[in-house]
Amino acid sequence: MSTRTKVFLYGILLVLCVPFVFPTWWMITSSFKPNAEIFSPSLWPSSWSFEPWRQVFTMQPFAQQYFNSAYIAVVVTLGTLVVASMAGYAFARIRFRGQNALFLLVLTGLLIPSEVTIVPLFRIFNSLGLVDTHWPLILVPMLGPPSVLATFIMRQFFITLPGELEEAARMDGLGRPAIFRKIALPLARPALGAVAIFTFLHSWNLYLEPVVYISSRTKYTLPQALTQFTDAYQGQLWNVQLSAASMTAIPVLIVFVLAQRQFIEGLAHTGLKG
Amino acid sequence: MTAPSFWTTRRRDQLTAYVFITPALFGAVAFVFLPLVLVVWYSLHEWNVLADSFNFVGAENYQKLADDPNFPAVLRATAFFSIGLVVLNLGLALLLAVLLNQKLRGTTFFRVLFFSPVVVSLLAWTIVWGFLLQDNGGINGLLDAVGIDGPNWLRSGGTAMASVVIVQVFKNVGLNMVLFLAALQGVPQDLYEAARTDGASPWTIFRRITLPLISPTILLTSIITVVGSLQVFAQISVLTQGGPGTSTTVLVYYLYQQAFQFHAFGYGATLSVVLFLIVLALTVLQWQMRKRWVFHEH
């Protein structure tokens, strides 16, 4: 490849990067600007103001909301890993009566987006007195459509395991639950990682469900809280909002940079199956 | 000699399997199938949560749907969003994948950059774009610098939908890019070499060899992207609230407005049924096309 072609290709790549990188950059730097300066097109704040970052916590119970999002995402992720790996293993490695029919039943769940069922689910949770609690945000993703996708991904993985491993374990006198725990699960680490990343981000980004179910500020999750930074006239306090948005995005971005291969391959893989 | 135990290995295996699938099965039934049946049942009811009334009204909601002056506009907005998103997303994803497939140093670095919006919180991404697209925001600031007077992107009928599409394209194009990149790397190198020996131009090679060979991936990604695009909600809710007028009121947003803002739950359920039918039709279409592809491969 000639140098001229290379320079040309790098030029295109750099230009194309702008709409991908610039918004995140702009979000973080603008969060340090005073609100008066917020629309000035400078790439770097003229003076750094940490006031917006402090205001995030005084305007809303933001630490509580952060904790809500974090604990819900962790519970949903761990729960999904347990539910999906067990079901995926059984469908892939054990022969039992009704196997195909039951798998088909679970599989058709992939067809039904959660937006379709939100009205009846709201009625169900309403009659159970669980509206304005975190239960719908935990139970539906952990057992509903995203978990169905996770089950499918785990099954596809377990099907590829060589049968000899289990035969050998069986000769050693291990029962099924032990084979699952000691042989299959440790081998499934890449698939479990992919499911964990996908599930965590799904929960972290969940927006329609919190908006529908949650009405108390102290119970808000981050996506819902981010939209609430307005002044008394419903005008947006951009610098505070962008500070809160930065706090939501930066931790995930750091983990992404540290484990970019797992993120990219895992998410592309789960996206493909979905 | 002891009598053979009832608990043979096979029976134990079966029991384990049923225990293992119970939570997933319960979830699929309780949170997918039961609500799906109920949504059809509710669509035949008038249900006002404030008045606590729930009455059977037969096909009245469907009559309302047929008479709803907003509904054609909602379908149009939904189609516009989905088609716009698929075309731009797949086009850009393919371009990025082709660029990253060149023998250049540092492509991994660019891959990380192009992929990064996928992991930025959806609401954070949407909010910062909403900020940039304000009338006096960063985009118009840039345009001003080169002497262009940009429109009020999110508040004018002509640009609101296009803006929402663009925001979503940059958010998730990285996923399709990675899928295309994998497909491109699966194209056998000797095919390229043979074509080059025959004197084919790069464009002919791309059109005659690359595109046909990655067409299964193109089909797959377009279906995934269309189905995903039907679920768009947060972006609309934050950027335009369905406006101006109904120009960005896509189906899910309309469903949300009817059910949870206007408390017309029966009608909301009817709109949910419509959404389900569209997703179902797309999935059947996907199966049909996959079958044809398999046929062609033989």
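The values are calculated or read from the model by the stated rules, or taken from the named source; none is laboratory data. Predicted model only: the values in this text are computed from it and were never measured. Note: ideal-geometry Cβ built from the backbone for every residue, glycine included; neighbour counts use all protein chains shown.
Per-structure values
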{"quantity": "Test result for B:V98, among the β-branched types (V, I, T), within 13 Å of chain A (Cβ to nearest Cβ) and either over 23 Å from B:A259 (Cβ atoms) or in a loop (DSSP other than H, G, I, E, B) (or both)", "calculated": "yes"}
{"quantity": "Top-ranked residue in segment B:226-279 [being part of a loop (DSSP other than H, G, I, E, B) and facing chain A (nearest Cβ under 9 Å); ranked as farthest from B:I83 (Cα to Cα)]", "calculated": "B:F233"}
{"quantity": "When residues of segment B:32-43 are limited to those that are surrounded by 17 or more Cβ atoms within 10 Å (Cβ to Cβ) and over 30 Å from A:V82 (Cβ atoms), the one nearest to the other protein chains (Cβ to nearest Cβ)", "calculated": "B:Y42"}
{"quantity": "The lone exception for A:Q234 - which of (1) farther than 16 Å from A:P52 by Cα; (2) part of a helix (DSSP H, G or I); (3) among the polar types (S, T, N, Q) it fails", "calculated": "(2)"}
{"quantity": "Every residue from segment A:17-57 that is among the aliphatic types (A, V, I, L, M), under 30 Å from B:R111 (Cβ atoms) and more than 22 Å from the chain's Cα centre (by Cα)", "calculated": "A:V18, A:L43"}
{"quantity": "Matching entry among A:R181, A:R217, A:R176 (being among the basic types (K, R), in contact (Cβ under 8 Å) with a residue 40 or more places away in the chain and within 12 Å of chain B (Cβ to nearest Cβ))", "calculated": "A:R176"}
{"quantity": "Residue count for segment B:8-26, restricted to those that are surrounded by 14 or more Cβ atoms within 10 Å (Cβ to Cβ), facing chain A (nearest Cβ under 8 Å) and under 31 Å from the mean Cα position of the chain (by Cα)", "calculated": "4"}
{"quantity": "Criterion violated by B:L179 - all others in (1) touching a Lys or Arg at 6+ places or on another chain (Cβ under 8 Å); (2) at the interface with chain A (Cβ under 8 Å from one of its Cβ atoms); (3) over 26 Å from A:L242 (Cα atoms) satisfied", "calculated": "(1)"}
{"quantity": "Scan of segment A:17-44 for residues that are at the interface with another protein chain (Cβ under 7 Å from one of its Cβ atoms) and of a type in the set (A, V, I, L, M, F, W, C), ordered by number", "calculated": "A:C17, A:F20, A:V21, A:W26, A:M27, A:F39"}
{"quantity": "Conditions (1) more than 8 Å from every other protein chain (Cβ to nearest Cβ); (2) within 29 Å of A:F263 (Cβ to Cβ); (3) surrounded by fewer than 23 Cβ atoms within 10 Å (Cβ to Cβ); (4) not aliphatic (A, V, I, L, M): number failed by A:S243", "calculated": "(3)"}
{"quantity": "Test for B:D149: is it assigned by TED's automatic domain parsing to the domain that holds B:L251, in a helix (DSSP H, G or I) and surrounded by fewer than 12 Cβ atoms within 10 Å (Cβ to Cβ)", "calculated": "no"}
{"quantity": "Residue match in segment A:71-90 (condition: assigned to a loop (DSSP other than H, G, I, E, B), facing another protein chain (nearest Cβ under 9 Å) and surrounded by 21 or more Cβ atoms within 10 Å (Cβ to Cβ))", "calculated": "no"}
{"quantity": "Residue match in segment A:56-66 (condition: among the hydrophobic types (A, V, I, L, M, F, W, C) and in contact with an Asp or Glu (Cβ under 6 Å, 6 or more places away or on another chain))", "calculated": "no"}
{"quantity": "Top-ranked residue of segment A:18-47 - restricted to ones that are closer than 13 Å to B:G137 by Cβ and surrounded by fewer than 16 Cβ atoms within 10 Å (Cβ to Cβ), ranked as modelled with the lowest pLDDT", "calculated": "A:P41"}
{"quantity": "Any chance B:G174 is in contact (Cβ under 8 Å) with a residue 24 or more places away in the chain, within 18 Å of B:L100 (Cα to Cα) and crowded, with 19+ Cβ neighbours inside 10 Å", "calculated": "yes"}
{"quantity": "Some residue of segment B:129-145 being over 30 Å from B:F276 (Cβ atoms), surrounded by fewer than 22 Cβ atoms within 10 Å (Cβ to Cβ) and either in contact (Cβ under 8 Å) with a residue 60 or more places away in the chain or more than 14 Å from chain A (Cβ to nearest Cβ) (or both)", "calculated": "no"}
{"quantity": "Leading residue by the ranking (farthest from the other protein chains (Cβ to nearest Cβ)) among those in segment A:226-235 that are farther than 17 Å from B:F233 by Cβ and hydrophobic (A, V, I, L, M, F, W, C)", "calculated": "A:A232"}
{"quantity": "Boolean, B:V29 is surrounded by fewer than 17 Cβ atoms within 10 Å (Cβ to Cβ), of a type in the set (A, V, I, L, M), more than 7 Å from chain A (Cβ to nearest Cβ) and farther than 25 Å from A:G109 by Cβ", "calculated": "no"}
{"quantity": "Residue selected from segment B:57-72 under the condition in contact with a helix residue (DSSP H, G or I) (Cβ under 9 Å, 6 or more places away or on another chain) and more than 14 Å from chain A (Cβ to nearest Cβ), by the criterion nearest to B:Q231 (Cα to Cα)", "calculated": "B:F71"}
{"quantity": "Qualifying residue in segment A:63-79 (condition: in contact (Cβ under 8 Å) with a residue 12 or more places away in the chain and more than 23 Å from A:A249 (Cα to Cα))", "calculated": "yes"}
{"quantity": "Residues being at the interface with chain B (Cβ under 7 Å from one of its Cβ atoms) and buried (at least 22 other Cβ atoms within 10 Å of the Cβ) - total across segment A:95-119", "calculated": "7"}
{"quantity": "Matching entry among A:E164, A:E209 (being out of contact with any Phe, Trp or Tyr (no Cβ under 9 Å at 6 or more places or on another chain), within 11 Å of another protein chain (Cβ to nearest Cβ) and in a helix (DSSP H, G or I))", "calculated": "A:E209"}
{"quantity": "Looking only at segment A:128-158, and only at residues there that are facing another protein chain (nearest Cβ under 7 Å) and in contact with a Leu (Cβ under 8 Å, 6 or more places away or on another chain), the one that is surrounded by the fewest Cβ atoms within 10 Å (Cβ to Cβ)", "calculated": "A:P145"}
{"quantity": "Residue among A:Q64, A:Q60 that alone is within 25 Å of the chain's Cα centre (by Cα), more than 7 Å from every other protein chain (Cβ to nearest Cβ), buried (at least 17 other Cβ atoms within 10 Å of the Cβ) and more than 30 Å from B:H45 (Cβ to Cβ)", "calculated": "A:Q60"}
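Residue by residue, here is whether (1) closer than 30 Å to A:F152 by Cβ; (2) without any contact (Cβ under 8 Å) to a residue 24 or more places away in the chain; (3) not in a helix (DSSP H, G or I) holds:
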site	(1), (2), (3)
B:F6	no, yes, yes
B:D13	yes, yes, no
B:A28	yes, yes, no
B:F33	yes, yes, no
B:V40	yes, no, no
B:W47	no, no, yes
B:L50	no, no, yes
B:F54	no, yes, yes
B:N61	no, no, no
